[in-house]
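Trainee: Below you'll find the structure I mean.
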Amino acid sequence: MERTVNIGVSGTGFIARGLVYALESQEDLTVASVLTRRQIEEINNFPDKSVLTNNVDQFIESSDLIVECSGDVLHGTEVIDRAISASLPVITMNSELQVTTGSYFARRGFITEAEGDQPGSLAAFKENVEQMGFKPLVYGNIKGFLNTNPSREEMLYWAERNGISLQMVTSFTDGTKVQIEQALTANGLQADIAAPGLLGFKAADINEGGTRLANEAARLNRPISDYLLCPKGPAGVFITATHDDVQQQPLSYLKMGEGPYYTLVQTFHLCHLEIMKTIRRVLNGKGVLLNNTASPSISVAAIAKRKLFPGDKIIKGIGSFEVRGEAVKMKDEPEHIPIGLIADATVTRVVEEGQTLTFSDAELPESLALKAWREVAGNSLITE
């Protein structure tokens, strides 16, 4: 009989709860421990409270593999540091962490983003389409709406209606989430971005929008990572690619159009349900699906949503009403503050609305995440 693999889950939110439920049906996998910072006695909506712990040592010692899905960059960085130091493989459903400190860990051990969120789904989709002979030009995310500076009242309404946190719904709405996802995709799939903040074309349908983005990729002579604002599009991802079939007729017959660009769409991403595929991938020795690489070139800078003044506090950058995130090339913005690092920060000088925050504009508490960023950013800029 095969030995049961002990899975450690970091986080107790929507993704973690769903993953624990999914793991219950797996005979050879068991949830050994679930790490939380919350008071355990106050958690009433978790499938199995007996596995909850606040003890990081217990969490690490009881696990053969870690899934980090807390959604928190600083906390997740501390947890993964312990896991990597213990030589445990790490799977994340945390693109915010990957694009901020993931490269620090990619240099030290095994870390991969999971399939299920858009970056992991795009990485798996890439493997699929390349096996069919397609050559990707665009790794695309499909977004239905965007408001770069929503009001707190609007976000409170949607957070309550959808049963998700205010921070999460705000980061979705103001575009920070899609910028983070596509920055990770660019780094992990060796793609570029066509412009700071991405292009984000409005499109009536995915084929038309994919062709517009492919033209930009052709102009740059390399694949790009971007998104389409397509209210009627599916909640999934797409790849626009070329194909070497010189006759073209078979692809036309298969309803792929006349070319030269072909857009393939995956109409879903199922978050926690698809993490299981990545767990199996890792246990079967198939390697990294996607991570931020040891030497990233794209980051997500904090952009002021309003005029900021010395003394202003930013409790957390992602999903805040002070800043939003935009994908940038690190070589073009060497002093930018990654939005994922902003927690309990204090503004030190006036920052105008729309301005990129630099390390001269705000004071950040010392943290492992900040140390990791400095190391990775310094080395990446040297190798540019």
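The values are calculated or read from the model by the stated rules, or taken from the named source; none is laboratory data. Note that the structure is predicted; figures quoted are calculated from it, not measured. When we count neighbours, we look across all protein chains shown, and the Cβ atoms used for this are built from the backbone with ideal geometry, even at glycine. To get the accessible areas, we keep the full protein, side chains included, count just its heavy atoms, and leave off ligands, DNA and RNA. Shrake-Rupley method; radii C 1.70, N 1.55, O 1.52, S 1.80 Å.
Trainee: Say whether the condition of being in contact with a Lys or Arg (Cβ under 7 Å, 6 or more places away or on another chain), assigned by the TED database to the domain that holds Ala235, outside any helix (DSSP H, G or I) and buried (at least 17 other Cβ atoms within 10 Å of the Cβ) is met by at least one residue in segment 147-155.
Mentor: So far as segment 147-155 goes, no, none of its residues is in contact with a Lys or Arg (Cβ under 7 Å, 6 or more places away or on another chain), assigned by the TED database to the domain that holds Ala235, outside any helix (DSSP H, G or I) and buried (at least 17 other Cβ atoms within 10 Å of the Cβ).
Trainee: Taking the residues in segment 42-70 that are under 24 Å from Arg281 (Cα atoms) and touching a helix residue (DSSP H, G or I) at 6+ places or on another chain (Cβ under 6 Å) as candidates, determine which candidate is surrounded by the most Cβ atoms within 10 Å (Cβ to Cβ).
Mentor: Cys69
Trainee: Count, please, the residues in segment 272-292 that happen to be assigned to a loop (DSSP other than H, G, I, E, B) and either open to solvent by 30 Å² or more (accessible area, probe 1.4 Å) or in contact with a Cys (Cβ under 6 Å, 6 or more places away or on another chain) (or both). Show your work before the answer.
Mentor: Filtering segment 272-292 for residues assigned to a loop (DSSP other than H, G, I, E, B) gives 284-292.
The next check asks that each one be either open to solvent by 30 Å² or more (accessible area, probe 1.4 Å) or in contact with a Cys (Cβ under 6 Å, 6 or more places away or on another chain) (or both); those that pass are 284-286, 288.
Total satisfying the criteria: 4.
Trainee: Right, Tyr157: within 26 Å of Ala204 (Cβ to Cβ) and either modelled with pLDDT of 95 or more or among the charged types (D, E, K, R) (or both) or not? So that I can check it myself, show each step before the final result.
Mentor: Values: within 26 Å of Ala204 (Cβ to Cβ): no; either modelled with pLDDT of 95 or more or among the charged types (D, E, K, R) (or both): yes.
The answer is no for Tyr157.
Trainee: Same structure again: Restricting segment 208-263 to residues that are touching a strand residue (DSSP E or B) at 6+ places or on another chain (Cβ under 8 Å) and among the charged types (D, E, K, R), which is least open to solvent (accessible area, probe 1.4 Å)?
Mentor: Checked segment 208-263; the qualifying residue least open to solvent (accessible area, probe 1.4 Å) is Asp226.
Trainee: Among residues belonging to segment 71-114 that are open to solvent by less than 10 Å² (accessible area, probe 1.4 Å) and outside any helix (DSSP H, G or I), point out the one that is farthest from Gln182 (Cα to Cα).
Mentor: This residue is Val90.
Trainee: On the given criteria, is Arg37 exposed (fewer than 14 other Cβ atoms within 10 Å of the Cβ) and under 23 Å from the mean Cα position of the chain (by Cα)?
Mentor: Criteria met by Arg37.
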